[in-house]
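Presented below is the structure to which this report refers.
The values are calculated or read from the model by the stated rules, or taken from the named source; none is laboratory data. Worth saying up front: this structure is predicted, and the values here are computed from it rather than measured. Please note: Cβ atoms are built from the backbone with ideal geometry, for glycine as well, and neighbour counts cover all protein chains shown. Areas reflect the complete protein model, heavy atoms only, side chains present, ligands, DNA and RNA absent. Shrake-Rupley method; radii C 1.70, N 1.55, O 1.52, S 1.80 Å.
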Amino acid sequence: SVAKMFEEIKTKWGKLDILVNNAGVVQFAAFEDLTEEQWDTILDTNLKGQFLCSQQAVKLMGKGSRIINIASIASGGVGVGFSHIAHYTASKGGVVALTENMALDLAPKGINVNAIGPGVIETDMTKGMLQDEKSKVGLMTRIPKGRVGKPEDIGAAVAFLASDEADYITGTVIYVDGGWLAA
């Protein structure tokens with residue numbers, strides 16, 4: 001399906017300037033109860049999907065193109081741990097590593113590759129946590145800005161990384177988290 005999608009892009013537009021790898025899912029399971037099927041579902045969607053889409057996109061990209069991957073504050077290495085989502089954090093940590101390596105490989109072609117690490121954002125994926133008052137209060141105590149992020153907050157970071165103003169930025173993660181990582 002990925003190859004078909006990019007063939008349609010090639011047929012319709014002939015090239016691709018910007019790819020935002022935004023597909024992501026999460027399931028909660030204690031580590032010892034995590035099944036291989038759950039592991040594969042999360043890794044296939046969150047990491048393998050970004051790899052496959054990026055690999056196809058590069059064939060249609062040229063100098064000045066951008067790939068923007070969506071990681072997470074739960075991507076590891078930033079001092080934030082979360083329980084019951086080992087497979088999710090592994091996938092998002094992989095996104096960060098993939099972003100860095102793609103940036104090195106694609107910089108000579110003039111393609112910038114970066115990631116955005118969202119904090120808690122109001123989406124369908126976080127709806128359950130945010131509707132549970134105890135969870136929401138717990139989350140809010142971690143966010144210095146005093147609010148949950150909106151999709152527009154992520155959109156603004158994507159727009160920046162896609163712009164000419166971000167021409168010298170590649171191989172990095174911009175965390176959009178309301179100050180969570182600074183706290």
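Would you work out which of Met140, Val95, Gly178 lies farthest towards the positive end of the dipole of the stretch 84-183? Charges go on Cβ: Lys and Arg +1, Asp and Glu -1.
Met140
Would you please give the FRET efficiency between Met5 and Phe82, computed as 1/(1 + (r/R0)^6) with r the Cβ-Cβ distance and R0 = 35 Å, to the nearest 0.05?
0.65
Going Cα to Cα from Lys12, which lysines come in below 17 Å? Please leave out same-chain ones fewer than 8 positions away.
Answer for Lys12, where 17 Å is the Cα cut-off: Lys4, Lys59, listed by chain and number.
Test of understanding: in a Gaussian network model of the chain with alpha carbons linked when under 10 Å, which of Glu32, Glu152, Glu122 would top the mean-square fluctuation ranking?
Checking each option, the largest mean-square fluctuation is seen for Glu32.
What's the FRET efficiency of Glu133 with Gln38 using the Cβ-Cβ distance as r and R₀ = 25 Å, to the nearest 0.05? Display every interim value, and only then the final one.
On the way: r = 27 Å, r/R0 = 1.09.
Step by step, r from the Cβ atoms, then E = 0.40.
Using the Kirkwood radius over Cα pairs, work out the Stokes-Einstein diffusion coefficient for the stretch 1-93 at 37 °C and 0.692 mPa s, in µm²/s as a whole number. Don't skip to the end; give the middle numbers.
On the way: Rh = 14.5 Å.
Rounded to a whole number, D works out at 226 µm²/s.
Cut-off 10 angstrom, C-alpha nodes, Gaussian network model of the chain. Which of Met61, Met102, Met125 fluctuates the most?
Met125
If you take every residue apart from Phe6 with its C-beta less than 13 Å away from the C-beta of Phe6, what net charge results, scoring Lys and Arg +1 and Asp and Glu -1?
Working: positive: Lys4, Lys10, Lys12, Lys15, Lys59; negative: Glu7, Glu8.
Cβ neighbours under 13 Å give a net charge of +3.
Could you give the accessible area per residue of the stretch 64-181, probe 1.4 Å, as a whole number in Å²?
Details: 5690 Å² over 118 residues.
Here the residues of the stretch 64-181 average 48 Å² of exposed surface.
Test of understanding: express the Cα radius of gyration of the stretch 85-183 as a ratio to 2.2 N^0.38 Å, with N the residue count.
On the way: Rg = 15.4 Å, N = 99, 2.2 N^0.38 = 12.6 Å.
Computed over Cα atoms of the stretch 85-183, the ratio equals 1.22.
Kirkwood hydrodynamic radius of the chain from all distinct Cα pairs, in Å?
17.2
With a point put 7 Å past each Cα toward its Cβ, work out how far Tyr168 is from Ala29 in nm, to one decimal.
4.6
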